[in-house]
Number of protein chains: 4
Amino acid sequence: MVKIGIVGLGRLGKRHAENLVYRVSGCQVTAACSIVEEELAYAKDVLGVSDTYTDYADMLANADIDAVFLVTSTSLHAEQILAGLAADKHVFCEKPLAINVEDCEKVVSAAAQYNHKIATIGLVRRFDPSYMEAKRLVDAGKIGQPILVRSQTVDLDDFAEFQVPFTATSGGFVHDMWVHDFDLARWFLGSDMTEAYSIGGCYRHKGFEQYNDADNASALCKYANGTNAYFFASRTAQHGHDTRTEIVGTEGILKIGEIPNATRVEIFDRAGARQECVQDFFARFEEAFLIEAQAFVDACNGKEVALCTLEDAMNATKDAVMVTEAYKTGTLVKA
Amino acid sequence: MVKIGIVGLGRLGKRHAENLVYRVSGCQVTAACSIVEEELAYAKDVLGVSDTYTDYADMLANADIDAVFLVTSTSLHAEQILAGLAADKHVFCEKPLAINVEDCEKVVSAAAQYNHKIATIGLVRRFDPSYMEAKRLVDAGKIGQPILVRSQTVDLDDFAEFQVPFTATSGGFVHDMWVHDFDLARWFLGSDMTEAYSIGGCYRHKGFEQYNDADNASALCKYANGTNAYFFASRTAQHGHDTRTEIVGTEGILKIGEIPNATRVEIFDRAGARQECVQDFFARFEEAFLIEAQAFVDACNGKEVALCTLEDAMNATKDAVMVTEAYKTGTLVKA
Amino acid sequence: MVKIGIVGLGRLGKRHAENLVYRVSGCQVTAACSIVEEELAYAKDVLGVSDTYTDYADMLANADIDAVFLVTSTSLHAEQILAGLAADKHVFCEKPLAINVEDCEKVVSAAAQYNHKIATIGLVRRFDPSYMEAKRLVDAGKIGQPILVRSQTVDLDDFAEFQVPFTATSGGFVHDMWVHDFDLARWFLGSDMTEAYSIGGCYRHKGFEQYNDADNASALCKYANGTNAYFFASRTAQHGHDTRTEIVGTEGILKIGEIPNATRVEIFDRAGARQECVQDFFARFEEAFLIEAQAFVDACNGKEVALCTLEDAMNATKDAVMVTEAYKTGTLVKA
Amino acid sequence: MVKIGIVGLGRLGKRHAENLVYRVSGCQVTAACSIVEEELAYAKDVLGVSDTYTDYADMLANADIDAVFLVTSTSLHAEQILAGLAADKHVFCEKPLAINVEDCEKVVSAAAQYNHKIATIGLVRRFDPSYMEAKRLVDAGKIGQPILVRSQTVDLDDFAEFQVPFTATSGGFVHDMWVHDFDLARWFLGSDMTEAYSIGGCYRHKGFEQYNDADNASALCKYANGTNAYFFASRTAQHGHDTRTEIVGTEGILKIGEIPNATRVEIFDRAGARQECVQDFFARFEEAFLIEAQAFVDACNGKEVALCTLEDAMNATKDAVMVTEAYKTGTLVKA
């Protein structure tokens, strides 16, 4: 039974916490940490976690926990991971590891001495049943050698304006959205990104322009083993959250999530033959978040489980840094 | 080069005529017959057919034609077919052959002496590329033995009120809509309908009630070889014309036309992920009408072509008569 | 925190038990009962439930439990439900309530005095997110008035032979498979079945013939409010478990589960454009089983939750009895 | 009635000829020209065209024709178009106009003096009903402002090896396949390509390497109005010919041809839920070829019809030249 201290109980933090408390087996949430009063009240009243902290170091020092679950600001991830490991805790941290390679390297390097502890970053798509099935098919050779990954993260337009002020610190759409697609591309292609070209613009939400960020953008990238990837990101979808990936292999092609239908219901009415779509990433990856949390807990409990490593997360950040430069300069950037 | 006299140039007649004039090879439309002045003007002005008649017998006697193409009222079909054959013409006639079995039998019996002439009824679905492909798959044994056909004819609600006054003479939804589905069921199951049960009602268009007709109805039927069929008809669809058929076999299942998409375009907007649908049977079976007309002309020109026989049409009417009785009485009717 | 004694740990019992132990919040499995030694070993070793029983009455008398979860043979359901209620326990029981109406009525009548206790039957499809969404759309008037339900339960051929010996006691395909569809039809149509006609046969698995049971069958049924339902059951699908339902309304149509895709992966290879399908009902309704169990526990904990009542289950059995007679006699049966 | 001389009766030429002879109205094929004896025999025996030529100039001088229909080698297009116009004939020519910009400009410039004659290049996708419907939706503002086109031409692997020897003269995959996608991108985006990056490789068919050509490749391109396009070409598909296009707009997204299903038949068997796919571009664009030919004939007959202009074709070639350079050099190429 892993005792977990959860850190950060914002919108996504609450989802993680509810999974850990209600649906994941083999763990207990025994402590919670947040600088937001309402979040600690939620921990007590809704989750029944009475051991709460406003200071992370305080929690590490005093709480009865085996693991920390970090759902905090990206800028805090690196130091909080290391502090957790140093305090002899297993660590789950939301993506991204960091938005610069130096911080990633520092964490990876320092974490090496704690390799008896689990340390993982939440690149959640790897735990989605459809992506897992695609990986199984690829590994089984069903599509021959993968030679091109096309992957996109597309968000509902309604959320765009809300994102504008966060762009300064989030790393922009590349770190925030494509980091998942970069990780998937590596996972399927098994190689390092070596060259990137990226273009796009602010077509609806001019607020992103001040950050040289985009509301729609594409990137085309080369990998060391001669394979390629194309990425698309959009903040302006009208129909819903639309994450999809296509893997072109020498013997077949896989598409994952081509229609982001919310349920198995089809409606036939004056608008034609239609399906309502998932509205946000959590609706799309609800099951993946649960499987991911269960996998982390299982790993803490000593089971052999495939998790995203700190290296995986560092690699995704490396790609994001390179593509960010490509997008911001409009040039062809090489590794 | 088959010289054709077209008879009846209403909405469907015009479509047939334009196919024959512009898109079917091996024929010429050399005469037209109609009791409607506007239709003959259309024949002259649009089709360039100057040899026009208001009397069918007159056309048979005097026009330079090898074949007649009958797109007239159902009540005229039987006698017009026989008159055409008696005048030594090939005959294409729109479905149904007749709405009572006696007339069908009379035609089939009388036609036997003209078997050097082509005589066919336009059960158009047999010429739809998707239905033809399904038939090919079934005949090739791809789904084993067919054991159940589920087939429906569903029309857009907008056309329903217009149909009400025709119900008295058309034979109602069974003869008008299901005759196609009955023909398909026999085609795929290879057996005679022996028992029928049918229920439904007038849920939106009360005008059909006076004829004991329906705007939505189902039938479940048994066939002599132990197989079954389920039929559905609706006049109240909001999304379009929705003809579809499912063939359950012992080794697999085929669905034909599950989504009646108008084109290969998918739209992603506030209504979700959607496809616009075909709005009427002509849009759905446009290609089939052309293939059917070409097949008739090819047959007239001496090619070996599979056509619907008068017997096929008689059988479809037999089924329609039986199911009409089942619907009108609410009882289980046996052949 | 509801303390639950689970009864029956066969294939489905294990699934329920694992949900209750690992994924449902607000409950503990504190006791287990089975006459199968292996199942009690599983309870101890896998679930960590040490308080085990071979006798249900013994468990009711001695275990520290608030509720029983019955996953036993159909023939035991009625008496076990009543014994549980009499022992002041909440009761969840797998469907069907019974395969005769008398037993259902006895339970419903006797249960009336225990209405401070939760008593529910696991008609699991009502808890499937897609069926719930369809119900929400129907209740919101999105398709006008429902006038026809078409619903099917179709199982993979591989499981058919295994089912043969159980047919004598299970009530056959009607009670085993259609009871779900009957419940759905009532749920959507809001009325009582009044007339039924049912046909089919044993097309691949002759072993069912001795029980006058079918491997493929259809039923067409009338409801008191003038609406209709068509049902199909098959034990011979090659592609997977294929439960689907269509609701025809006066203003629109809903389809639920038209393609039983296992994941969101599409494969493009020599077999065309394809999706792999769920192989059994548990794969299709995995999420529904979890939601259902959570709903039961929530209700036990005093929350307002919609559950299937004993009356719902009795009504489904009434329909099943009527349709069984229709199938076995080949006649039109009226309520 | 337009009298047409067809030039070139290879595989595609035969398809065009059969359309013109059997299915297009308002024209007659009165002459045929080919240097291949078998093709002229086909013209006589199958098409019934007795006025045949082995020399194009001879046909222009002596045949009774109003128009020429050129289905010849790309390298002949420019001069044959100009010779046709100079002989006072309308000209239809298969794509591409030429594989270098100079030849295109020469034709466009010289053709200016014959603007009383129709001169068009067969960029056939513009006549596909689905692409036409997409264009209608875009022009009607249904997806707001188009900001990204993603378009691909993907051919069945079986045809790849056959293509290898033609690569030296065809201009390779860019001119042969992407010229269509480039034309579509311009059509939808309404702007000039200004920057291109393209990568790929020979993953299955090493024979293309000697020409620095690819069997799979991607390009990412910028347009003058700030919009973007991504292109993909593949010669290695296992499932069929898979041409599809996606148009991302500020208010919605369109996909055209996402699943290249051959018919409306779906098969459910051991391979899952599947659709067989069109095997070559002609099967996919059969209807478009017919509509295109009819449009040309209608234009010759004086009707107002939208056709692809020589400028459209020149623009597509300009893009192809630029992207070819990008692919062959691996650099970012600017207009």
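The values are calculated or read from the model by the stated rules, or taken from the named source; none is laboratory data. All values derive from a computational prediction rather than experimental measurement. Reconstructed Cβ throughout: ideal geometry from the backbone, glycine too, with neighbour counts over all protein chains shown. Heavy atoms of the whole protein, side chains included, go into the accessibility calculation; ligands, DNA and RNA do not. Shrake-Rupley method; radii C 1.70, N 1.55, O 1.52, S 1.80 Å.
Here are a few things to note about the model shown:
- Any hit, the stretch B:79-99, residues being within 22 Å of the chain's Cα centre (by Cα), without any contact (Cβ under 8 Å) to a residue 12 or more places away in the chain and outside the structural domain of B:Glu287 (by TED's automatic domain parsing): yes
- When each of D:Asn261, D:Asn216, D:Asn212 is tested for being more than 21 Å from D:Leu137 (Cα to Cα) and touching a Cys at 6+ places or on another chain (Cβ under 7 Å), the lone residue that passes is D:Asn261.
- Residue in the stretch C:235-244 that is under 14 Å from the mean Cα position of the chain (by Cα) and open to solvent by 10 Å² or more (accessible area, probe 1.4 Å) present: no
- Close pairs from the stretch C:8-35: first within 12 Å of another protein chain (Cβ to nearest Cβ) and under 14 Å from C:Gln294 (Cα atoms), partner assigned to a helix (DSSP H, G or I) and basic (Lys, Arg), Cβ under 9 Å, at least 6 apart: C:Tyr22/A:Arg23; C:Arg23/A:Arg23; C:Val24/A:Arg23; C:Ser25/A:Arg23
- Residue list for the stretch D:185-217, filter: touching a residue at least 40 places away in the same chain (Cβ under 8 Å) and within 11 Å of chain A (Cβ to nearest Cβ): D:Thr194, D:Glu195, D:Ala196, D:Tyr197, D:Ser198, D:Ile199, D:Gly200, D:Arg204, D:His205, D:Ala214, D:Asp215, D:Ala217
- Of the residues B:Asp215, B:Asp183, B:Asp242, the single one that is more than 22 Å from D:Val265 (Cα to Cα) and in the same structural domain as B:Phe281 (by TED's automatic domain parsing) is B:Asp215.
- Some residue of the stretch A:133-141 being of a type in the set (Lys, Arg), out of contact with any Asp or Glu (no Cβ under 8 Å at 6 or more places or on another chain), open to solvent by 10 Å² or more (accessible area, probe 1.4 Å) and closer than 30 Å to B:Phe268 by Cβ: yes
- With respect to the conditions (1) away from chain C (no Cβ under 14 Å); (2) basic (Lys, Arg); (3) touching a residue at least 40 places away in the same chain (Cβ under 8 Å), B:Lys303 lacks only one, and its number is (3).
- Just one of (1) farther than 25 Å from B:Lys303 by Cβ; (2) in a helix (DSSP H, G or I); (3) within 14 Å of chain D (Cβ to nearest Cβ) fails for B:Asp58. It is (3).
- Selection over the stretch D:218-236 of residues that are in contact with a helix residue (DSSP H, G or I) (Cβ under 6 Å, 6 or more places away or on another chain) and either within 10 Å of chain A (Cβ to nearest Cβ) or over 18 Å from A:Ile247 (Cα atoms) (or both) gives a count of 6.
- Filtered residues of the stretch D:66-101 (kept if closer than 19 Å to D:Val24 by Cβ and open to solvent by less than 10 Å² (accessible area, probe 1.4 Å)): D:Ala67, D:Val68, D:Phe69, D:Leu70, D:Gly84, D:Val91, D:Phe92, D:Cys93
- Filter pass, C:Lys318 being assigned to a helix (DSSP H, G or I), in contact (Cβ under 8 Å) with a residue 24 or more places away in the chain, open to solvent by 40 Å² or more (accessible area, probe 1.4 Å) and closer than 22 Å to C:Ile147 by Cα: yes
- Any hit, the stretch B:304-312, residues being open to solvent by 20 Å² or more (accessible area, probe 1.4 Å) and either in contact with a His (Cβ under 8 Å, 6 or more places away or on another chain) or not in a loop (DSSP other than H, G, I, E, B) (or both): yes
- Boolean, B:Ile4 is outside any loop (DSSP other than H, G, I, E, B), crowded, with 22+ Cβ neighbours inside 10 Å and either at pLDDT 95 or above or not assigned by TED's automatic domain parsing to the domain that holds B:Phe289 (or both): yes
- Only one entry of C:Thr250, C:Thr329 meets the criterion of being among the polar types (S, T, N, Q), open to solvent by less than 20 Å² (accessible area, probe 1.4 Å) and in the same structural domain as C:Phe208 (by TED's automatic domain parsing), and that entry is C:Thr250.
Here is a yes/no grid of residues against (1) touching a Ser or Thr at 6+ places or on another chain (Cβ under 8 Å); (2) on the phi > 0 side of the Ramachandran plot:
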position: C:Ile147; (1), (2): yes, no
position: C:Gln152; (1), (2): yes, no
position: C:Asp157; (1), (2): yes, no
position: C:Phe166; (1), (2): no, no
position: C:Gly171; (1), (2): yes, yes
position: C:Met193; (1), (2): no, no
position: C:Ile199; (1), (2): yes, no
position: C:Cys202; (1), (2): no, no
position: C:Asp213; (1), (2): yes, no
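- Some residue of the stretch B:152-162 being without any contact (Cβ under 8 Å) to a residue 60 or more places away in the chain, within 20 Å of the chain's Cα centre (by Cα) and under 23 Å from B:Gly10 (Cβ atoms): yes
- The stretch A:24-63, subset within 23 Å of the chain's Cα centre (by Cα) and crowded, with 18+ Cβ neighbours inside 10 Å, residue nearest to A:Ala78 (Cα to Cα): A:Tyr56
- Scanning the stretch B:237-261 for residues that are among the aliphatic types (A, V, I, L, M) and within 14 Å of chain D (Cβ to nearest Cβ), we see that the one that is farthest from C:Ala237 (Cα to Cα) is B:Ile259.
- Within the stretch C:278-293, the presence of a residue that is farther than 25 Å from B:Arg274 by Cβ, in contact with a strand residue (DSSP E or B) (Cβ under 8 Å, 6 or more places away or on another chain) and within 10 Å of another protein chain (Cβ to nearest Cβ) is excluded.
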